[in-house]
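Okay, so here's the structure we're looking at.
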Amino acid sequence: MRTVRLRGLLTGRARRRGALALAGALAVTLLAGSAAWAEDPLPPASMADGGLAVDANLGYKPQKTCSPTAKPGTKALLDLLIQTWGGSSWGISRSCASGGTSEHKEGRALDWHMDVNNASEKARVEQALEWMTANNGEVAYRLGIMYIMWDQRIWSIYYQEMGWRTFSDRGSYTANHKDHVHISLTWDGAMEQTSWWTGVPVTTPLLGPCGTTGQPACLPVINRAASPTWPFAHAQVGAFTPAAGDVPMIQGSPMVGQVLGVVPSRSMAGAVGYSYQWYAGGKPISGATASSLRVTTALRGKAIKVALRAALADGSTIAQNSPGTTAVTTGKVTLAPTPAISGVPALGHKLTTKASGWQPTGLKFAYQWYRNGKAIKGATKRGYTLRTADVGRWITVKVTGSASGVTARSALSAKIKALKTVPTPVTPDEPGPTLPVPPSPPSHDQTPPTASPTGPTATGTASGQPTPDPMGAASSPPSPAAADVVSADAPAPDAQPAVSPNAGATP
Ligand SMILES: [Zn+2]
């Protein structure tokens, strides 16, 4: 088979990311994402050398103290966002006298002014958010991001595998974060000492996840896989290794379809063996004595905990229980990365697609191919051979992931135009044929909330400082039962860590 080199197919960032997939292969890969506003920021040279591990999951560390001075990492990130994608600053520091929990009061949260109703600003923000959250949030980990709020949705490092989640209407355009992006950082991120800035991954939090000095990370880790969307393919991406705590900690989110693991406690260090018993709703789960637990539909509504017994080298044993998780919820399929179409887009050639990296693992997939947006009858396999009727038309494919106990979800690929003939082969030194690249391909799944904007409610304070996150009716601290009265900055209650850091470990 001849090697056909297709050039000019992809623009900007997409070209850079797709370069490996194209190299030496008779394949076209169109990734979601279109006109690049700017190149993503390049990582520091120390990171580009490769072999660098990713910072540990530093968990959710809400504001506990009063220290509103803008911290260096917060300033540096806000500057980087504005330099790269434009927009303006709505500030970092906030008076401790204002109500609610907010990392602004510790100088480790930023408000980046961009408006969701401005198409250009929205596109730029989306590019920035993709940069931060691609590859399971690798850049977010490297920057020490705890959570991001934008357009009435939240993405958090402690529920990373759930992706973007919509939060309840907080009553105003600004409180719903439609006119600014809010980013809260861990103390390490705020102090500019995560690997993005230093080249050295953080493994132990600067302050404990519960806000006290000397406490180890208490939140789950996630598994991540190398992903073609991460532009620095040589960067080493592996599972995180969390620090041990005083008691064993459950890793992973208590959702149907997820696999939970356990991190032994500090006093179990050097153990020569472990035994496990998992509990649901306070009762031992029959046969659940392995080091991990797959969360099944039968466990829905129940809190999970694990009793861990460690055999030490000196013959003694330590038995401890983990804190209980929150009640197991219905699982949700995560849709990133968006499935791409591979193959030569010409009559008689076969296109294929694949959804890889979706969570939870073990999903069943269904496919539907479309011609100019209309379902093609019978085209429901992973591959589709282009017919005469397709020539000159846009082809897309919808991939649906499903599993028992998990809400099925779908994602649509980017469009690809079907041609009559294979593009002329070119040598690497000649300009190649240019295939049409569609404008911004629509995402058919993550429909943004349709709440009509009521206009910005940010008003100046007496000092003239804008207060983009007005507390409004938000004087109560976040509470799982009070979805609508949390502060404009606090993560949505459904975004609280799965494992309560302070939960006791009663058997
Ligand atoms: Zn904010």
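The values are calculated or read from the model by the stated rules, or taken from the named source; none is laboratory data. Note that the coordinates shown come from a computational prediction; the quantities given were computed from them, not determined experimentally. We place every Cβ from the backbone using ideal geometry, glycine too, and count neighbours over all the protein chains shown.
Observations on the model:
- Residues of region 94-112 that turn out to be out of contact with any Cys (no Cβ under 9 Å at 6 or more places or on another chain), within 11 Å of the ligand (Cβ to nearest atom) and farther than 15 Å from residue 192 by Cα, as a count: 7
- In this structure, residue 313 does satisfy being assigned to a loop (DSSP other than H, G, I, E, B) and surrounded by fewer than 15 Cβ atoms within 10 Å (Cβ to Cβ).
- Search result, residues across region 316-326 that are in a loop (DSSP other than H, G, I, E, B) and surrounded by fewer than 17 Cβ atoms within 10 Å (Cβ to Cβ): 316
- Residue that is surrounded by the most Cβ atoms within 10 Å (Cβ to Cβ), among those in region 101-118 that are in contact (Cβ under 8 Å) with a residue 60 or more places away in the chain and assigned to a loop (DSSP other than H, G, I, E, B): 108
- Residue 140 meets each of the listed conditions (1) without any contact (Cβ under 8 Å) to a residue 40 or more places away in the chain; (2) within 14 Å of the ligand (Cβ to nearest atom) apart from (2).
- Residue ID - surrounded by the fewest Cβ atoms within 10 Å (Cβ to Cβ), chosen from residues in region 70-90 that are assigned to a loop (DSSP other than H, G, I, E, B) and within 13 Å of the ligand (Cβ to nearest atom): 70
- Region 173-202 - residue that is out of contact with any His (no Cβ under 9 Å at 6 or more places or on another chain) and aliphatic (A, V, I, L, M) and, of those, farthest from the ligand (Cβ to nearest atom): 200
- Scanning region 124-137 for residues that are surrounded by fewer than 21 Cβ atoms within 10 Å (Cβ to Cβ), away from the ligand (no atom under 13 Å from the Cβ), within 19 Å of the chain's Cα centre (by Cα) and at pLDDT below 85 turns up at least one hit.
- Residues that are more than 25 Å from the chain's Cα centre (by Cα) and surrounded by 15 or more Cβ atoms within 10 Å (Cβ to Cβ), drawn from region 278-298: 278, 279, 280, 285, 288
- Failed item in (1) under 30 Å from residue 131 (Cβ atoms); (2) of a type in the set (A, V, I, L, M, F, W, C); (3) at pLDDT 90 or above, with residue 379 passing the rest: (1)
- Residue match in region 301-308 (condition: within 31 Å of the chain's Cα centre (by Cα), crowded, with 17+ Cβ neighbours inside 10 Å and assigned to a loop (DSSP other than H, G, I, E, B)): yes
- Scan of region 186-202 for residues that are part of a loop (DSSP other than H, G, I, E, B) and of a type in the set (Ser, Thr, Tyr), ordered by number: 186, 194
- Within region 128-151, none of the residues are assigned to a loop (DSSP other than H, G, I, E, B) and of a type in the set (S, T, N, Q).
- Some residue of region 312-333 being under 31 Å from the mean Cα position of the chain (by Cα), within 30 Å of residue 395 (Cα to Cα) and among the β-branched types (Val, Ile, Thr): yes
- Odd one out for residue 371, checked against (1) under 30 Å from residue 138 (Cα atoms); (2) touching an Asp or Glu at 6+ places or on another chain (Cβ under 9 Å); (3) at pLDDT 90 or above: (1)
- Counting the residues of region 143-168 that are in contact with a Pro (Cβ under 7 Å, 6 or more places away or on another chain) and either free of Cβ contacts under 8 Å to residues at least 24 places away in the same chain or within 23 Å of residue 179 (Cβ to Cβ) (or both) gives 6.
- Residue that is nearest to the chain's Cα centre (by Cα), among those in region 418-428 that are buried (at least 18 other Cβ atoms within 10 Å of the Cβ) and at pLDDT 85 or above: 418
- Within region 186-212, restricting attention to residues that are among the small types (Gly, Ala, Ser) and at pLDDT below 85, the residue that is surrounded by the most Cβ atoms within 10 Å (Cβ to Cβ) is 195.
- Condition met for residue 183 (assigned by TED's automatic domain parsing to the domain that holds residue 88, at pLDDT 75 or above and either in contact with a strand residue (DSSP E or B) (Cβ under 9 Å, 6 or more places away or on another chain) or not in a helix (DSSP H, G or I) (or both)): yes
- Out of 67, 98, 93, one residue alone is modelled with pLDDT of 90 or more and part of a loop (DSSP other than H, G, I, E, B). It is 93.
- Within region 89-128, the only residue that satisfies the criterion of being touching a helix residue (DSSP H, G or I) at 6+ places or on another chain (Cβ under 9 Å) and among the aromatic types (Phe, Trp, Tyr) is 112.
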